[in-house]
1. For PRO125, state whether it is under 16 Å from the mean Cα position of the chain (by Cα) and either more than 22 Å from LEU34 (Cα to Cα) or not β-branched (Val, Ile, Thr) (or both).
2. Pairs only if they're at least six apart or on different chains, beta carbon under 9 angstrom, first in segment 2-25 and closer than 29 Å to ASP115 by Cα and at pLDDT 95 or above, second of a type in the set (Ser, Thr, Tyr) and not in a helix (DSSP H, G or I); list them, first residue then second.
3. Which is among the charged types (D, E, K, R) and modelled with pLDDT under 95, of LYS122, LYS98?
4. Of these, ARG44, ARG48, which one is outside any loop (DSSP other than H, G, I, E, B), surrounded by 14 or more Cβ atoms within 10 Å (Cβ to Cβ), touching a Lys or Arg at 6+ places or on another chain (Cβ under 8 Å) and free of Cβ contacts under 8 Å to residues at least 24 places away in the same chain?
5. How many residues, within segment 26-41, are touching a residue at least 12 places away in the same chain (Cβ under 8 Å) and over 16 Å from LYS98 (Cβ atoms)?
6. Looking only at segment 91-114, which residues are free of Cβ contacts under 8 Å to residues at least 60 places away in the same chain and in a helix (DSSP H, G or I)?
7. Working carefully through the options GLU128, GLU65, find the one that is touching a helix residue (DSSP H, G or I) at 6+ places or on another chain (Cβ under 8 Å) and free of Cβ contacts under 8 Å to residues at least 24 places away in the same chain.
8. Condition check: over 14 Å from the mean Cα position of the chain (by Cα), surrounded by fewer than 15 Cβ atoms within 10 Å (Cβ to Cβ) and under 30 Å from ALA5 (Cβ atoms). Does ALA53 satisfy that?
Amino acid sequence: MGDEAGFWNQRFRSIIDLERHLHANGTRIVKVFLHISKEEQRKRFLVRLDDPAKNWKFSESDMTERGFWAQYQAAYEACLAATSTANAPWYVVPADDKDNARLIVSQIVLDTFDDLDMSYPKATPAHEAELHAIRKQLAR
């Protein structure tokens, strides 16, 4: 089937190159991996099976793929390790507890916004004079 490691290494390089380009052009990248345990996945599958409103979320292929749990974990680990950089780090969030996971992700987003040090632009003296003149017109 060819050089599988080479294939994935090329994909990882492409991801890093894209993220480097985006960062160089002012885009902040936040990557979050919501990690659930195999036991939590089992519990969520049971809820999906037992709740008719959630049946649509489940298919037999979910069970087939569950059989590859160890391989998926290894693939996730390899991907995260290969594509986490200083300018585009991965945040691995424990997600068995949905409420806690949401709080953690919210904090990551808030911290990212704080790091941007955003503020409204300051008016130039010329713009301030313009605004003052307009204010005078509107006050009449």
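The values are calculated or read from the model by the stated rules, or taken from the named source; none is laboratory data. Quick caveat: nothing in here was measured; it's all calculated off a predicted structure. So basically every Cβ, Gly included, is an ideal-geometry build from the backbone, and we count neighbours across all protein chains shown.
1. For PRO125, the condition - under 16 Å from the mean Cα position of the chain (by Cα) and either more than 22 Å from LEU34 (Cα to Cα) or not β-branched (Val, Ile, Thr) (or both) - is not met.
2. Between residues of segment 2-25 that are closer than 29 Å to ASP115 by Cα and at pLDDT 95 or above and residues that are of a type in the set (Ser, Thr, Tyr) and not in a helix (DSSP H, G or I), the close pairs are ILE16/THR85; GLU19/THR27; GLU19/THR85; ARG20/THR85; HIS21/THR27; HIS23/THR85.
3. Step by step, each of LYS122, LYS98 is checked, and only LYS122 is among the charged types (D, E, K, R) and modelled with pLDDT under 95.
4. ARG48
5. Residues that pass the stated criteria total 5.
6. Matches in segment 91-114: LYS98, ASP99, ASN100, ARG102, LEU103, ILE104, SER106, GLN107, LEU110, ASP111, PHE113, ASP114.
7. Within the list GLU128, GLU65, the selection yields GLU65.
8. no
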